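Here is the structure we will look at.
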Amino acid sequence: KAGAEQPAAGPRAPVLLAAPSKAPCKPAVFIPVDRSPEIQEARLKLPILAEEQVVMEAINDNPIVIICGETGSGKTTQVPQFLYEAGYARDSILGKTCIIGITEPRRVAAVSMSQRVAKEMNLSHRVVSYQIRYEGNVTDETQIKFVTDGVLLKEIQKDFLLSKYKVIIIDEAHERSMYTDILIGLLSRIVPLRHKKGLPLKLIIMSATLRVEDFTANTRLFSAQPPVIQVDARQFPVTVHFNKKTPLDDYSGECFRKVCKIHRMLPAGGILVFLTGQAEVHSLCRRLRKAFPYQKNNTQCKVTCVPLLMCCFHLPSLSQTLPKIDLNNYSVLPPDEGDEDRDIDSDDDAAGSDLDLDLGDGDSEGDEKSDSSLPLYVLPLYSLLAPEKQAKVFRPPPPGTRLCVVATNVAETSLTIPGIKYVVDSGREKRRCYDRITGVSSFRVTWVSQASADQRAGRAGRTEPGHCYRLYSSAVFMDFEKFSAPEITKRPVEDLILQMKALNIEKVINFPFPTPPPTEALAAAEELLIALGALKEPPTTGRLNQQLAAKLSCPISPLGRVMATFPVAPRYAKMLALSRQHQCLPYTITIVSAMTVRELFEELDRPAGSEEEAAQLKGRRARFLQMQKVWAGQGPMQKLGDLMVMLGAVGACEYSGCTQEFCEQNGLRHKAMLEIRRLRGQLTTAVNSVCRDAGLYVDPKMKPPTEAQVTYLRQIVLAGLGDHLARRVQAEELLDDKWKNAYKTALLEDPVFIHPSSVLFKELPEFVVYQEIVETTKLYMKGVSAVEPEWIPALLPAYCHFGKPLESPPPSYCPGTGRVHCHRPSVFYRVGWQLPAVEVDYPPGIDRYKHFARFLLEGKVIEKLSSYSQCLLSSPLIMLKTWSKLQPRTEALLQALVQENCDNRDALVAAWKKNPKCNLPGIIGVGMGSSAWKSLRKGANPLTGLEPGGGTRAGGRAAARQRRPGGRGAGSYLQPESPFSPAEIAQLGER
DNA sequence: GAGCACTGC
């Protein structure tokens, strides 16, 4: 195994793009594994096994290796075993165990791969384990660990060097998931760092395609080009048939016709159809069921009518014992033969060999007629389908029927359906598209990439040779993009940027992304995080280009560190960070969980397949609408809007035990509710670990929030969704009918509307915040909550431009904070909406000193002074006059305050404390012009001799809590800053 | 007055 000297040789020499550097010869290590004979035999059939030596030599000689192999090469299950056997789970020097880590982009894959490898190696799951978001079975003995990519990213936050690992394998790197890309970027730096420390870490990147130039040709990523090893796949050949014509609209109808033909004319084998969405899937299912009815009770096999169909459809295990159908000798002439393009691979085959299986483009008649002689077992498949309904596709279809699965993209990567011989590919997919500037998303049906189409075709060759029918011409195919763009380039990246800043990567723009996100996306993310207070604000002075440079390299703030520990979107993390007031945390955790989990409510608006189903759907819709009203609460609570509905729904669901029945009856998606429960658990733990005294737990019998709490929750939501504020268009702006009931947002020119499914659809509050805008027929806001206008400047100062302090109401001294307050009018950024004047800190500057001096003289700052205010020679209001009008004594006071930076109580006390001998008290005395103050000249200690105003001197934090921005209705305002203590935040900073 | 593919912390 350690024969590193032997050059790789063999009939299929792997591609080595870079010559490996020779490493010093190490003694051979071999850890025995006790595999069962059956497993041993099965392994030997895997193509990767033939390459074990090559793979291990490359890994031995290089810190970073790329392995390319299609699905079926066995790389995911075998490479970890190679490494284990070669001793990579053991530290040769210390004799300790180390970990071989493998990342997967999906939870199910991490779990199932760990189970399979454990079984193959005959090892306990204590040794071969997994860790995913909510669960894992990792122990001290774990040596092979499968994780989801996000889990590894979190581990890097705790231990940047990943010191427990000796190897990291990034699996499915070709999928280019956001976390995979970031991990590769981070590991490109961690690997050399570990090398410097003398604790080398191996990185193996595994990809199904050969599109690895983003990794190999990117010198910023890897300065030395890593070797690429190519491994064969064990797949059955799939013949690809292109349509001659490409239907532009009715691809769904074309799918129908193609399935009909396959089913009528071609031998046994499951059919898999790729469409774009739920509605299409259901509609095609209905049509196919109508054309080939399958009665549950009538399982009698009717093959006699159809000589070409065999009884044993879709039973791969039995197919061995049945006569094999030779595809080349099989012959049925399609009705419109000669109408098609040639097979792409017909050049290699005997002429016309596969032409038989070409079925021609659509347009044949009579397909819609019900044909009871051909039972077809039609099943829908999409991600949001209930798991028990999804599971049906994995079971063999009833005897005498042919399986036909109508699926969305789930069947392309996430789920593998057994027994598929025919793939019908519409060539389209539905994608979520984001507007980079406005963040508005829309769903668009687009052509897939060539890689995607090939992946779909491959689904036909998993158990035997198969056929793929593409409902588009080869010319159209050639116009497809080769690969779909990496996720990181197409999505908002604020969550990612926050994670990176938490790793102290400040200049995000310099990060070695395999493919960087667009600069606008980075700028938008940085801007949002600054507005949320997660990043320190860049300087607004200095040279313009310096300012610009600083703009994309802001360091994380203490609040940002708190936010980064919550595994949710930054807007939601901000809500959590603000909720440690008025016992709001359990509610915010629930709302944030509900907003994070997609599609809480079941889709009940779909067209029904039968009258019976239609009646049932109608009943369920009515029931849901009724429940929605209940969950929306009463009176002022309704203003929390759709978020109140979410809170109510989760509360009610948990109260009833979160059963399948409750969910079904009330229009809730059971799977979503279970996910929310787990997320609540995770967030509760995360919050508890930040605030040690929170003592939170997930209460299934959580009481509804009080009216006051709902008001705070609305403010919390506003603070997180500040950039998602919308204002109803005013009557005078209603020039065009298209603005009827419309709202305006800061970033969009076009009108936006409250989505009709929202409980606030008819309410039309003046200001709302929304969870997201989705563009369909119009721009619709979803997840809507009403906002009071005076909250906006109080809670979103970052988005407001403030005017001069008002004279009425006059500036005042706030005993709670020891600062000068005033009322300032403001406008909302970009759109200039006038907002009510609210009480805020007096803006910094000379006037703030003047007001402070005045309140000081009036005895409001330090209580003991108040008894002397009678003795003053002139009114303290004199302080507010312009410099020139000041008398020498008042001028001296003002100058002294400015010199010591004392424009608030805390600063004054601090200055005094720092230098008890300073002449401030004396100057105050002079300033007041009263002989009664002479005693102060001696420098009496203000901490003992004088009581600051506002009664007991409260700690900074408690004092801050008393602050009520907005000033009216004490108790109804939220404290806008993070209510975490400096100690708590410091502790986070150490990580 | 409505139609959302797929994932990860």
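Looking only at region A:224-257, which residues have a backbone nitrogen under 16 Å from a spot 7 Å from the Cα of A:Asp479 in the C-beta direction? It comes to A:243-251, nothing else. Full extension of the chain between A:Leu193 and A:Asp249 gives 14.7 nm of extra length, using 0.36 nm per residue less the Cα-Cα distance. Taking every DSSP beta bridge that has both ends in region A:383-536, the antiparallel portion is near 65%. Applying 1/(1 + (r/R0)^6) with r as the Cβ-Cβ distance of A:Val108 and A:Arg598 and R0 = 22 angstrom yields a FRET efficiency of 0.80. Volume of the convex hull of region A:724-810 (Cα atoms only), normalised per residue: 130 Å³.
Ranked by the mean number of other Cβ atoms within 10 Å per residue, highest first, peptides A:393-406, A:497-510 order as A:393-406, A:497-510. Scoring A:716-729, A:512-525, A:477-490 by mean Cβ neighbours within 10 Å over their residues and listing the highest first yields A:716-729, A:512-525, A:477-490.
If the segment from A:Ala523 to A:Glu863 were pulled out straight at 0.36 nm per residue, it would be longer than the present Cα-Cα gap by 117.5 nm. Take region A:672-786 with all the other protein chains still there, run a 1.4 Å probe, and you get 46 Å² of accessible area per residue.
Region A:818-849 and region A:472-544 have Cα centres lying 34 Å from one another. Using only the Cα atoms of region A:93-166, build the gyration tensor, take square roots of its eigenvalues as a ≥ b ≥ c, and label the shape rounded, prolate or oblate: rounded if a/c is under 1.5, else prolate if a/b is larger than b/c, else oblate. Here region A:93-166 falls in the oblate category.
Note on A:Ala50 and A:Tyr434: with the Förster distance fixed at 60 Å, the Cβ-Cβ geometry gives a FRET efficiency of about 0.85. Per-residue extension of 0.36 nm, minus the Cα-Cα distance of A:Gln115 and A:Asp61, leaves a gain of 16.4 nm for this segment.
Taking 7 Å steps out from each Cα toward its Cβ at A:Leu415 and A:Ile846 produces label points 7.4 nm apart. Only one residue of A:Pro815, A:Leu865, A:Tyr829 has its Cα farthest out toward the positive end of the dipole of region A:796-909, where Lys and Arg carry +1 and Asp and Glu -1 on Cβ, and that residue is A:Tyr829.
Cross-link pairs exceeding 23 Å in C-alpha to C-alpha distance, out of A:Lys701/A:Lys762; A:Lys75/A:Lys392; A:Lys574/A:Lys782, comprise A:Lys701/A:Lys762; A:Lys75/A:Lys392.
Among A:217-223, A:446-452, the peptide with the highest mean count of other Cβ atoms within 10 Å heads the list, and the full ranking is A:446-452, A:217-223. Residues of region A:758-787 falling in the label zone of A:Lys740, defined by backbone nitrogen less than 11 Å from a point 7 Å along Cα to beta-carbon, are absent. In this structure region A:71-179 gives 37 Å² per residue of accessible area when probed at 1.4 Å with all protein chains present.
Its Cα gyration tensor gives region A:488-556 an equivalent ellipsoid, and the semi-axes of that ellipsoid, as √(5λ) in whole Å with the largest first, are 19, 13, 11.
Charge dipole (Cα centre; +1 on Lys/Arg Cβ, -1 on Asp/Glu Cβ; no other charges) of region A:126-240 amounts to roughly 480 debye. In the context of the full set of protein chains, residues of region A:488-556 present 46 Å² of accessible surface per residue (probe radius 1.4 Å, heavy atoms only). In order along region A:733-743, phi translates into HN-Hα couplings of 8, 7, 7, 10, 5, 5, 9, 5, 6, 8, 10 Hz, rounded to whole numbers, per the Karplus curve 6.51 cos²θ - 1.76 cosθ + 1.60 with θ = phi - 60° and x for Gly and Pro.
Rounded to a whole number, what is D in µm²/s for region A:37-231 from Stokes-Einstein with the Kirkwood radius over alpha-carbon pairs (20 °C, 1.002 mPa s)? So the translational diffusion coefficient is about 129 µm²/s. Across region A:844-854, coupling constants 3J(HN,Hα) worked out from phi with the 6.51/-1.76/1.60 Karplus curve, θ = phi - 60°, read x, x, 4, 5, 5, 4, 4, 5, 5, 4, 5 Hz, and Gly and Pro carry x. Spatially, region A:199-272 and region A:614-664 are offset by 43 Å when compared through their Cα centroids.
What a 1.4 Å probe finds exposed on region A:724-810 is 50% carbon and sulfur by accessible area, rounded to a whole percent.
Taking a ≥ b ≥ c as the square roots of the Cα gyration tensor eigenvalues, region A:137-188 comes out prolate, since a/c reaches at least 1.5 and a/b is larger than b/c. Scattering from region A:55-95 was approximated by placing one identical point on each alpha carbon and applying the Debye formula without solvent; log10 I(q)/I(0) at 0.18, 0.21, 0.22, 0.25 1/Å stands at -0.58, -0.75, -0.81, -0.96.
For region A:488-556, the tally of Lys pairs with Cα-Cα distances below 20 Å comes to 5, considering only residues 8 or more apart or on different chains. Quote the FRET efficiency, to the nearest 0.05, computed for A:Glu141 versus A:Phe236 with a Förster distance R0 of 45 Å and r equal to the Cβ-Cβ distance. Plugging the Cβ-Cβ distance into 1/(1 + (r/R0)^6) gives 0.70.
The values are calculated or read from the model by the stated rules, or taken from the named source; none is laboratory data. Computed from a predicted structure; not experimentally measured. Neighbour counts are summed over all protein chains in view; Cβ atoms, including those assigned to glycine, are modelled from backbone coordinates with ideal geometry. Only protein heavy atoms, including side chains, enter the accessible area calculation; ligands, DNA and RNA are left aside. Shrake-Rupley method; radii C 1.70, N 1.55, O 1.52, S 1.80 Å.
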